[in-house]
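Enquirer: The structure that follows is given in the form of structure tokens.
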């Protein structure tokens, strides 16, 4: 897990340009409404930025009119043929690292093909097209998160623009074998651990993030292919010693950690294999 590159877009300019290019229709007087809401929206932008690491403290939206909500919500358009809406999304995606273009920040499993509104636009329509509120993520995480973000006054998910991600291991895994020694494929169990360098409040947020997205269970389910790759790598290089195999796997684990962070699920898996004598005993 690593933080994303913050989009360097002027949020007020984005809003103004969308407003300028909006049209009133028989269904909604969008342009007029965006004009009337502009001062309020810009004030909310400033509030968001002032408490960006403590968004649980943000005040409730005062926008209650159904048509106002519709006008603001329609500012976000995932269709790239949209005037500026598509450009905003494209810009956010284009500035990310090669790793983040291909790996969802929320889970690290799938490609980020959707955009999540960190503060849901159904609850905070004023942030529908606010760039710092738009986070690339995969479809599974977007669906799982949905409009959830706060529970009992506490945020449920990491914000990959503003929250710091600890550079110490809080995700670990272990290989569990059956008693049948002919069974070479283990079960992999992932766990969160409290590292002494992580503040309790920060760890609690990490734990909520993993629990609400059911990441530990998801990692254990998607691990089969990667574990098969490791198994194949070892079993078809019979001339190497066990220590040579371990060193090759260490190099791969370090590469994953450099690119995706020390808590990337594949880095954790490789470390678990490296430290599991039973793995090598059963296949070497």
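Enquirer: What FRET efficiency, computed as 1/(1 + (r/R0)^6) with R0 = 22 Å and r the Cβ-Cβ distance, is obtained for residue 229 and residue 113, rounded to the nearest 0.05? Provide the component values of the computation, followed by the final result.
Expert: Values: r = 24 Å, r/R0 = 1.08.
Efficiency, rounded to the nearest 0.05: 0.40.
Enquirer: If you stretched the chain out fully between residue 151 and residue 208, how much longer would it get, using 0.36 nm times the residue separation minus the C-alpha to C-alpha distance? Each step should come with its number before you reach the end.
Expert: Numbers: separation 57, 0.36 × 57 = 20.52 nm, distance 1.00 nm.
Once the chain is fully extended between residue 151 and residue 208, it gains 19.5 nm.
Enquirer: Please tell me the relative contact order of the chain in percent, rounded to the nearest whole number, where contacts are Cα pairs under 8 Å and at least six residues apart. Could you put the intermediate results ahead of the total?
Expert: Working: 358 pairs, mean separation 51.8, N = 284.
After rounding, I find 18 percent.
Enquirer: Hey, rough spin-label estimate for residue 196 and residue 5, points 7 angstrom out along Cα→Cβ, what's it come to in nanometres?
Expert: 3.8
Enquirer: Take the alpha carbon atoms of the range 1-24, find their center, do the same for the range 202-226, and report the distance between the two centers in whole angstrom.
Expert: 31
Read-outs throughout are calculated quantities, based only on the coordinates presented, and are distinct from any laboratory measurement. Treat the numbers as computed from the prediction; the structure is a model and nothing was measured. Positions of Cβ are backbone-derived with ideal geometry, glycine not excepted, and every protein chain shown enters the neighbour counts.
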